[in-house]
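**Q** One structure coming up, written as structure tokens, with questions to follow.
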Amino acid sequence: MNLIFTGGGTGGHLVIALSLAEKAREQGHKVMFIGSTSGQDRQWFGESPIFDEVHFLDTTGVVNKRGFSKLIALWKVFKALLTSRALIRAFKADAVVSVGGFSAAPAAMAAVTTGVPLYIHEQNAITGKLNRLLRPFAKRFFSSYEEGENRCDYPVHPRYFENSRIRDSIKTVIFLGGSQGAKFINDLALEIAPWLQSGGIHIIHQCGLKEEERVREAYHALGIDAEVYGFTTQIAELCEKSDFAISRSGASTLWELCAAKIPAFFIPFPHAAADHQFHNAQYILKHNCGWCERQNEGLSQKLQEAILSDIKPKSEALSHLIAPNGAKHIIEIIENT
């Protein structure tokens with residue numbers, strides 16, 4: 001098959017495109033990526049050996065634009081749609097797989113208008129505006145939060161499953177603010193660090209490049225030997241060493257922690273579109289597998305209570321929420337429908 005993957009703008013979308021494209025390539029399919037010159041698409045796939053072809057079209061987000069800026073953005077999407085139709089035909093695409101984000105709009109709509117089957121993967125518990133618009137036209141819609149035929153295991157790197165284990169005590173905690181870091185989580189970590197040290201608990205902290213110097217100096221001033229990373233590609237290895245996580249609840253991080261069986265105290269990013277991080281974390285709470293608190297003052301006491309609780313039942317329960325080979329199963333469904 002010839003498969004086109006589209007979407008992106010941010011790493012949360014692009015990591016899914018990468019996972020699915022890698023698996024499709026392994027299965028012997030030709031793969032193309034259509035993204036945008038805006039966002040992170042080119043950084044991820046500009047030199048990627050995974051794709052047979054990559055194309056970055058001049059588009060920007062539409063939702064937050066107003067007036068003349070919105071008209072310009074819509075015009076760019078329309079021109080990119082026409083380009084995408086030509087690319088779909090030239091590639092003789094058998095299917096287009098959208099992972100959402102503004103980058104997906106032209107190629108996903110081009111699939112609908114050319115009659116090429118469209119498949120959509122939604123990363124979050126709240127469906128994004130573009131995915132909601134195109135869902136009625138899709139051959140299949142994949143979600144890790146829904147029940148029934150749409151339910152899929154989230155595509156998580158195999159390392160998280162290989163390194164997973166049941167946690168029954170806490171010797172190491174990991175603070176995860178996402179690739180850009182999160183000042184609120186960084187400040188919370190520094191506030192609770194002396195208490196953690198007094199309990200003999202080691203700290204691993206991914207704080208974001210902009211905050212790295214400040215956070216390192218603060219730990220040094222406290223006399224605490226924490227592992228501090230501004231940015232790292234070794235999150236899976238760090239998770240293997242960790243027993244408890246304090247984290248934002250972006251979809252990829254949330255499901256990676258599930259795969260690793262690490263109980264987590266989620267603090268959703270309060271400005272996420274449609275408050276999707278909060279709703280992502282609610283899925284974990286519904287299954288009694290973790291904690292979730294809004295970003296506000298006074299979280300230190302609640303975090304301490306969570307760390308002192310019996311984490312083993314939650315660690316065991318996490319293993320029932322996700323299974324390995326999510327990407328493989330999605331590609332198999334596309335092959336067989």
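The values are calculated or read from the model by the stated rules, or taken from the named source; none is laboratory data. Keep in mind that what you see is a predicted model, and the values were worked out from it rather than measured. Virtual Cβ from ideal backbone geometry, glycine too; neighbours counted across all protein chains shown. Heads up: the accessible areas ignore ligands, DNA and RNA and are worked out on the full protein's heavy atoms, side chains in. Shrake-Rupley method; radii C 1.70, N 1.55, O 1.52, S 1.80 Å.
**Q** Charges on Cβ only, +1 for Lys and Arg, -1 for Asp and Glu, centred on the Cα centroid of the chain; of Gly128, Leu81, Phe278, which one is farthest towards the dipole's positive end?
**A** The Cα lying farthest towards the positive end belongs to Leu81.
**Q** For Lys129, list the aspartates and glutamates whose Cα falls under 14 Å from its own Cα; do not include residues on the same chain fewer than 8 positions away.
**A** Asp275
**Q** Another one. Treat each spin label as a single point 7 Å out from the Cα along the C-beta direction, and report the Lys70 to Glu146 distance in nm.
**A** Result: 2.7 nm between the two label points.
**Q** If I compute solvent accessible area with a 1.4 Å probe over the protein chains, what percent of it on the chain is carbon and sulfur? Could the numbers behind the result be given before it?
**A** Details: 7840 of 15140 Å².
Exposed carbon and sulfur together represent 52 percent of the surface.
**Q** Quote the charge dipole size of the stretch 1-145 about the Cα centre in Debye, to the nearest 20; the model charges only the Cβ of Lys and Arg (+1) and of Asp and Glu (-1).
**A** Numbers: 17 positive and 9 negative charges, 127 e Å.
It comes to approximately 620 debye.
**Q** Another question about this same structure. Where a ≥ b ≥ c are the square roots of the eigenvalues of the C-alpha gyration tensor, would you call the chain rounded, which needs a/c under 1.5, or, failing that, prolate if a/b is larger than b/c, or oblate? Working shown, then result.
**A** Details: a/c = 2.14, a/b = 1.74, b/c = 1.23.
Prolate is the answer for the chain, as a/c is 1.5 or above and a/b outweighs b/c.
**Q** Same structure again: With the crude spin-label approximation of a point 7 Å out along Cα→Cβ, what separation in nm comes out for Phe78 versus Thr172?
**A** Inter-label distance under the simple model: 5.5 nm.
**Q** Can you compute 3J(HN,Hα) from phi for each residue in the stretch 295-302, using the Karplus curve 6.51 cos²θ - 1.76 cosθ + 1.60 with θ = phi - 60°, rounded to whole Hz and x for Gly and Pro?
**A** So the J values, rounded to whole Hz, are 6, 7, 6, x, 7, 4, 5, 5.
**Q** Place a +1 charge on the Cβ of each Lys and Arg in the chain and a -1 charge on the Cβ of each Asp and Glu, then give the dipole magnitude about the Cα centre in debye, rounded to the nearest 20.
**A** Working: 35 positive and 35 negative charges, 264 e Å.
Using only the charged Cβ atoms, the result is roughly 1260 debye.
**Q** Right, another one. Please identify which residues in the stretch 171-192 have an amide N closer than 11 Å to a label point set 7 Å out from the Cα of Glu227, following the Cα→Cβ vector.
**A** Once the point is set 7 Å along Cα→Cβ of Glu227, 172-175 turn out to lie under 11 Å by backbone N, inside the stretch 171-192.
**Q** Then there's this: Could you give the length gained by full extension between Ser319 and Gln43, i.e. 0.36 nm per residue of separation minus their alpha carbon distance, to one decimal place?
**A** Numbers: separation 276, 0.36 × 276 = 99.36 nm, distance 3.32 nm.
96.0 nm is the gain from fully extending Ser319 to Gln43.
**Q** Among rounded, prolate and oblate, which fits the stretch 1-160 when a ≥ b ≥ c are the square roots of the eigenvalues of its C-alpha gyration tensor, a/c under 1.5 means rounded, and a/b larger than b/c means prolate? Provide the component values of the computation, followed by the final result.
**A** On the way: a/c = 1.41, a/b = 1.21, b/c = 1.17.
The shape class here is rounded.
**Q** At 222 nm, what helix-only mean residue ellipticity would the chain give, in deg cm²/dmol to the nearest 500, using -39500 (n - 2.57) for each DSSP H run of four or more? Don't skip to the answer; put the middle values down first.
**A** Numbers: 14 runs with 150 residues, N = 337.
Result for the chain: -13500 deg cm²/dmol, rounded to the nearest 500.
**Q** While we're here: Show the residues, 5+ positions off or on another chain, whose built amide H is closer than 5 Å to the amide H of Phe175.
**A** The list, which skips near neighbours in sequence, is Ile204, His205, Gln206, Ile246.
**Q** Further question on the same structure: Where a Cα-Cα gap under 13 Å defines reach, which aspartates and glutamates qualify for Lys79, not counting those fewer than 8 residues away within the same chain?
**A** Within reach: Asp58.
**Q** Taking 0.36 nm per intervening residue step and subtracting the Cα-Cα distance, what contour gain separates Glu335 from Asp52 on full extension?
**A** On the way: separation 283, 0.36 × 283 = 101.88 nm, distance 1.86 nm.
Answer, rounded to one decimal: 100.0 nm.
**Q** Shifting gears a bit: Read phi for every residue in the stretch 323-337 and hand back ³J(HN,Hα) as whole Hz from Karplus 6.51 cos²θ - 1.76 cosθ + 1.60, θ = phi - 60°, with x for Gly and Pro.
**A** Along the stretch 323-337, the couplings run 10, x, 6, x, 5, 4, 5, 5, 4, 4, 5, 4, 4, 9, 10 Hz.
**Q** Using amide H atoms built in the peptide plane, which far-off residues or other-chain residues are under 5 Å from Val97 H to H?
**A** Sorted by chain and number, the residues that satisfy this are Ile4, Phe5, Thr6, Tyr119.
**Q** Can you pull the one-decimal nm distance between simple spin-label points at Arg165 and Asp310, each 7 Å off the Cα toward Cβ?
**A** For Arg165 paired with Asp310, the spin-label model returns 2.2 nm.
**Q** About the Cα centre of the stretch 220-335, how large is the charge dipole given +1 on each Lys and Arg Cβ and -1 on each Asp and Glu Cβ? Please answer in debye to the nearest 20.
**A** It comes to approximately 240 debye.
**Q** If one takes the longest principal axis of the Cα atoms in the chain, at what angle in degrees, from 0 to 90 and to the nearest 10, does the Cα axis of helix 67-91 lie?
**A** 70
**Q** According to the square roots a ≥ b ≥ c of the eigenvalues of the Cα gyration tensor, what is the shape class of the stretch 240-305, taking rounded for a/c under 1.5, prolate for a/b larger than b/c otherwise, and oblate for the remainder?
**A** Numbers: a/c = 1.67, a/b = 1.10, b/c = 1.52.
Oblate.
**Q** Okay, next question. Considering amide H positions built from the backbone, and no H for Pro or chain starts, which residues 5 or more places from Leu57, or on another chain, come under 5 Å of its amide H?
**A** Long-range HN contacts for Leu57: Gly35, Ser36, Thr37.
**Q** What whole number of Å gives the distance from the Cα centroid of the stretch 6-79 to the Cα centroid of the stretch 138-157?
**A** 21
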